[in-house]
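*Asks:* My questions all concern the structure below.
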Amino acid sequence: MTFFQEYGLTQHLAIILAIDLTIAIILLALMRYLQGWSIKVNSSAELAERDNFAFGISTAGAIAALGIVLTGAITGEAAPSYLTEAIGMSAYGLFGLVLIKLGRFLHDKIALNEFAKNDEILKGNVSVAVVDAAAAIATAIIIRAVLMWAEDLTLDTFIGIFSAFLISQLMLVILTRLREKRYAKRNQGASMQQALTQNQTALALRHSGYMIAMALSFKAASHFIVYDPSAHLSNIISWCVFSLIMLVVLSLLIAIVKKLVLAGINLAEEVEKQHNIGIAAVEMAISIAVALILTALMA
């Protein structure tokens, strides 16, 4: 390769980088305003005038989630033309943004169906905001994994991504119901969701750790599924089977590691009754750490 060829390639990649970065910045800014528009409030007023920490945490989760999704869109070879790169980046970015917002809606209406998430956040409920942000980040991790799993930019690709997204939301609902059942068993039938409305931050942190860990295990499942752009039913069945297997394996490993790392500590007492945020933070870290290790081992 001659000097001029190398220079031309470098210039091409620099322009591609500028295009991707510009689109990413625009989408991140759009996400901030969408947070306010989607619940019919002024985001600037909530963040700077009312000093609504819960709204800030929820917005931070949404912006971080979109950033995670965009890394999946950027990763890979540069497109042969600037227009193709701009279209591809914009399409993936906007599709990811829509899925994050849809995931938030589904999580609100199905997973956390005992209260209105937006109302709690506007009231300043930090616990609900933490869970909301974690759900957005978990959804983003899954979307990114599916973007990396899919290999081209066609209608079949978007169908495959959306199918995997729906499976992931099902897994989040299953996880939430399992955690609720466990919480009720240890607390005379009390509702975990109602505990979140009482601003129990420790409980929110622990549950957030489980959700993010589940998303990472979903990413690990992608290594076992061969991408076939036209086999939609097969893809859905594969995602269901491997996601359930990974959820079971992850849950067992997390339980074992917590017993070892936090030996001699009554976790239910500390987190659910004494609202010990420190213990809950350690639990959250353990869940995510186990999932990261599991994902790395299966990559």
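The values are calculated or read from the model by the stated rules, or taken from the named source; none is laboratory data. For clarity, every value in this text was computed on a predicted model and none was experimentally measured. Glycine gets a Cβ as well: all are built from the backbone with ideal geometry, and neighbour counts include every protein chain shown. Each accessible area value is taken on the protein alone, full model and side chains, heavy atoms only, with ligands, DNA and RNA left out. Shrake-Rupley method; radii C 1.70, N 1.55, O 1.52, S 1.80 Å.
*Asks:* Among the residues of the stretch 201-230, what is the count of those that are outside any helix (DSSP H, G or I), open to solvent by 30 Å² or more (accessible area, probe 1.4 Å) and of a type in the set (Val, Ile, Thr)?
*Replies:* 1
*Asks:* Return the residues of the stretch 252-267 that are among the charged types (D, E, K, R) and without any contact (Cβ under 8 Å) to a residue 12 or more places away in the chain; say none if nothing qualifies. Reasoning before the result, please.
*Replies:* Pass one, the stretch 252-267, residues among the charged types (D, E, K, R): 258-259.
Of everything in the stretch 252-267, just one residue is among the charged types (D, E, K, R) and without any contact (Cβ under 8 Å) to a residue 12 or more places away in the chain, namely LYS259.
*Asks:* State all residues of the stretch 40-49 that are surrounded by 15 or more Cβ atoms within 10 Å (Cβ to Cβ) and without any contact (Cβ under 8 Å) to a residue 24 or more places away in the chain; if no residue qualifies, say none.
*Replies:* Going through the stretch 40-49, the residues surrounded by 15 or more Cβ atoms within 10 Å (Cβ to Cβ) turn out to be 41, 43, 46-47.
SER43, LEU47 - these are the residues of the stretch 40-49 that are surrounded by 15 or more Cβ atoms within 10 Å (Cβ to Cβ) and without any contact (Cβ under 8 Å) to a residue 24 or more places away in the chain.
*Asks:* Taking the criterion of being under 20 Å from THR176 (Cα atoms), at pLDDT 90 or above and in contact with a Gly (Cβ under 7 Å, 6 or more places away or on another chain), would at least one residue in the stretch 264-284 satisfy it?
*Replies:* Within the stretch 264-284, one or more residues are under 20 Å from THR176 (Cα atoms), at pLDDT 90 or above and in contact with a Gly (Cβ under 7 Å, 6 or more places away or on another chain).
*Asks:* Filtering the stretch 256-270 down to residues that are within 22 Å of GLN188 (Cα to Cα) and part of a helix (DSSP H, G or I), which residue is farthest from the chain's Cα centre (by Cα)?
*Replies:* Looking only at the stretch 256-270, we keep the residues that are within 22 Å of GLN188 (Cα to Cα), and these are 265-270.
Adding the requirement that they be part of a helix (DSSP H, G or I) leaves 267-270.
Values: LEU267: 25, ALA268: 26, GLU269: 28, GLU270: 27 Å.
Filtering the stretch 256-270 for residues that are within 22 Å of GLN188 (Cα to Cα) and part of a helix (DSSP H, G or I), the one farthest from the chain's Cα centre (by Cα) comes out as GLU269.
*Asks:* Can you tell me which residues in the stretch 21-64 are part of a helix (DSSP H, G or I) and of a type in the set (Val, Ile, Thr)?
*Replies:* First pass over the stretch 21-64, keeping only residues part of a helix (DSSP H, G or I): 21-38, 43-49, 53-64.
THR22, ILE23, ILE25, ILE26, ILE57, THR59, ILE63, listed by residue number.
*Asks:* Do you know which residues across the stretch 269-284 are of a type in the set (Asp, Glu) and surrounded by fewer than 17 Cβ atoms within 10 Å (Cβ to Cβ)?
*Replies:* Across the stretch 269-284, the qualifying residue is only GLU269.
*Asks:* If you go through the stretch 79-129, how many residues are free of Cβ contacts under 8 Å to residues at least 60 places away in the same chain, closer than 22 Å to TYR33 by Cβ and not in a helix (DSSP H, G or I)?
*Replies:* Of the residues in that region, 1 qualify.
*Asks:* If you don't mind, there's one more thing I want to ask. Just name the residue that is surrounded by the most Cβ atoms within 10 Å (Cβ to Cβ) out of those in the stretch 59-74 that are of a type in the set (Val, Ile, Thr) and in contact (Cβ under 8 Å) with a residue 40 or more places away in the chain. Before you say what the answer is, go through the steps one by one.
*Replies:* First, pick out the residues of the stretch 59-74 that are of a type in the set (Val, Ile, Thr): 59, 63, 68-69, 71, 74.
Pick out the ones that are also in contact (Cβ under 8 Å) with a residue 40 or more places away in the chain and you get 68-69, 71, 74.
Values: ILE68: 22, VAL69: 27, THR71: 13, ILE74: 20.
The residue in question is VAL69.
*Asks:* In addition: Look at ALA164 and say whether it is of a type outside the set (Asp, Glu), assigned to a helix (DSSP H, G or I), at pLDDT 85 or above and buried (at least 23 other Cβ atoms within 10 Å of the Cβ).
*Replies:* no
*Asks:* With farther than 19 Å from VAL128 by Cβ, modelled with pLDDT under 75 and assigned to a helix (DSSP H, G or I) as the only criterion, which of GLY76, GLY67, GLY8, GLY72 stands out?
*Replies:* On the way: GLY76 fails: assigned to a helix (DSSP H, G or I); GLY67 fails: modelled with pLDDT under 75; GLY72 fails: modelled with pLDDT under 75.
Sole residue among the options that is farther than 19 Å from VAL128 by Cβ, modelled with pLDDT under 75 and assigned to a helix (DSSP H, G or I): GLY8.
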